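The values are calculated or read from the model by the stated rules, or taken from the named source; none is laboratory data. Quick caveat, the model's predicted, so the values are computed rather than measured. Counting neighbours? That spans all protein chains shown, and the Cβs are built from the backbone with ideal geometry, glycine included. Only protein heavy atoms, including side chains, enter the accessible area calculation; ligands, DNA and RNA are left aside. Shrake-Rupley method; radii C 1.70, N 1.55, O 1.52, S 1.80 Å.
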Amino acid sequence: MGGISIEYGYVKCKTALSKTMLPGLDYSLNPYVGCGHGCIYCYAKATLRDEVKALKWGRFVLVKRSLIEVLAKEVLRKPRGVVGLSTVTDPYQPIEEEVKLSRRCLEILIRRGFNVSIQTKSKLVLRDLDLIKSGNFDVGLTVTTMDDYLASRIEPNASKPSERAETLRRLSEEGVETWLFLGPIIPELTDSEESIREVVEVAYETKSDLIVDKLNLRRWVLDGMKPFLDEYKPGLVEKLPIMLKPNSQYLRMLHDRVKRICDAYGLKYSLFNFTQ
Ligand code: SF4
């Protein structure tokens, strides 16, 4: 843990399965509001209406009260489909170890024959390997860099990158369909040939599909990054909006770099959000 203190609380849950337009998913299921992993670049905060809460992102987590009861009713009347767990929080963030809300959701979804696509930055997902192997699941681990120190600064409460790689390895060995989400690639921080190659190598070794994402400067993202970047890379915050404009020279260069590295491994990849 990165030593950031987190406030915990509860929030009322009205809907468990929400329709989503995200590729490959029919529903999203988010057991928590907020995320204790505290990634400085997180754009999930842009889904909030409350600016005060958005600027506190990473320092509060609300557990959805009665989620299990709501989900148990919804699975009886909603058509079966693929559920994304989760899309605006991490289902295996630290509080999950204690409250087991994601696990209990999985149990309900399996019983009703829903498919589940899990995305996380935590080795805790291995706790639920028994459920994952018994259902129609795929699991994605997000890895932005293999540099443990840098990760501890930009994703302070997530598992170390080496642990995430090991988690993917284990899942893959157990026959689970796996994918690696390389993103966001942050200019001048995680975008070097070497940095990208180290992550691509993990996807290659674990036979995981690779999805590549650029940094998304949605609302309040630069506010979250500024304190760290001003210390680590002075002047970068001011340059980012220009570098990341749709179809910018930087993004074309980055895509060429990703393509060259993946081609060397004979690895197919898909781009997420690159053209927006
Ligand atoms: S793990 Fe995902 S949802 Fe949680 S803070 Fe990081 S980017 Fe945001």
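Assorted remarks:
- Some residue of segment 22-42 being away from the ligand (no atom under 16 Å from the Cβ) and either open to solvent by less than 30 Å² (accessible area, probe 1.4 Å) or hydrophobic (A, V, I, L, M, F, W, C) (or both): yes
- The residues of segment 135-159 that are more than 15 Å from GLY183 (Cα to Cα) and open to solvent by 50 Å² or more (accessible area, probe 1.4 Å), listed by number, are ASN136, ASP148, TYR149, SER152, ARG153.
- Top-ranked residue in segment 85-122 [being away from the ligand (no atom under 12 Å from the Cβ), small (Gly, Ala, Ser) and within 17 Å of the chain's Cα centre (by Cα); ranked as farthest from VAL33 (Cα to Cα)]: SER117
- For the residues ILE132, ILE110, the requirement of being in a helix (DSSP H, G or I) and open to solvent by 10 Å² or more (accessible area, probe 1.4 Å) singles out ILE110.
- When VAL11 is tested against (1) farther than 24 Å from PHE228 by Cβ; (2) assigned to a loop (DSSP other than H, G, I, E, B); (3) more than 17 Å from the chain's Cα centre (by Cα), exactly one condition is not met: (2).
- Near pairs, Cβ below 9 angstrom, 6+ apart or cross-chain, from segment 6-22 (over 25 Å from ALA158 (Cα atoms)) to any residue that is open to solvent by 50 Å² or more (accessible area, probe 1.4 Å) and of a type in the set (Lys, Arg): LYS12/ARG65; CYS13/ARG65
- Taking each residue of segment 237-253 that is open to solvent by less than 60 Å² (accessible area, probe 1.4 Å) and looking for partners that are hydroxyl-bearing (Ser, Thr, Tyr) with beta-carbon atoms closer than 8 Å, six or more apart or interchain, yields MET243/TYR250; LEU244/TYR250.
- Taking the numbered list (1) within 26 Å of GLY84 (Cβ to Cβ); (2) within 16 Å of the ligand (Cβ to nearest atom); (3) of a type in the set (Gly, Ala, Ser) in turn, SER208 passes all entries but (2).
- Restricting segment 117-129 to residues that are part of a helix (DSSP H, G or I) and without any contact (Cβ under 8 Å) to a residue 40 or more places away in the chain, the residue that is least open to solvent (accessible area, probe 1.4 Å): ASP128
- Check on VAL70, farther than 19 Å from VAL125 by Cβ, open to solvent by 20 Å² or more (accessible area, probe 1.4 Å), modelled with pLDDT of 95 or more and within 19 Å of the chain's Cα centre (by Cα): no
- Close pairs from segment 259-276: first β-branched (Val, Ile, Thr), partner at pLDDT 95 or above and open to solvent by less than 50 Å² (accessible area, probe 1.4 Å), Cβ under 9 Å, at least 6 apart: ILE261/ILE196; ILE261/VAL200; ILE261/LEU267; THR275/LEU251
- The set of residues in segment 163-186 being surrounded by fewer than 19 Cβ atoms within 10 Å (Cβ to Cβ) and in contact with a helix residue (DSSP H, G or I) (Cβ under 9 Å, 6 or more places away or on another chain) consists of GLU163, GLU166, ARG169, ARG170, SER172, GLU174, GLY175, VAL176, GLU177.
- Only one of SER172, SER159 that is in contact with a Lys or Arg (Cβ under 6 Å, 6 or more places away or on another chain) and assigned to a helix (DSSP H, G or I): SER172
- Pick from segment 46-65, criterion open to solvent by 10 Å² or more (accessible area, probe 1.4 Å) and touching a residue at least 60 places away in the same chain (Cβ under 8 Å), ranking: nearest to the ligand (Cβ to nearest atom): TRP57
- Some residue of segment 163-185 being within 13 Å of the ligand (Cβ to nearest atom) and touching a Pro at 6+ places or on another chain (Cβ under 8 Å): no
- When GLY81 is tested against (1) more than 16 Å from the ligand (Cβ to nearest atom); (2) farther than 28 Å from ASP223 by Cα; (3) open to solvent by 30 Å² or more (accessible area, probe 1.4 Å), only condition (3) is not met.
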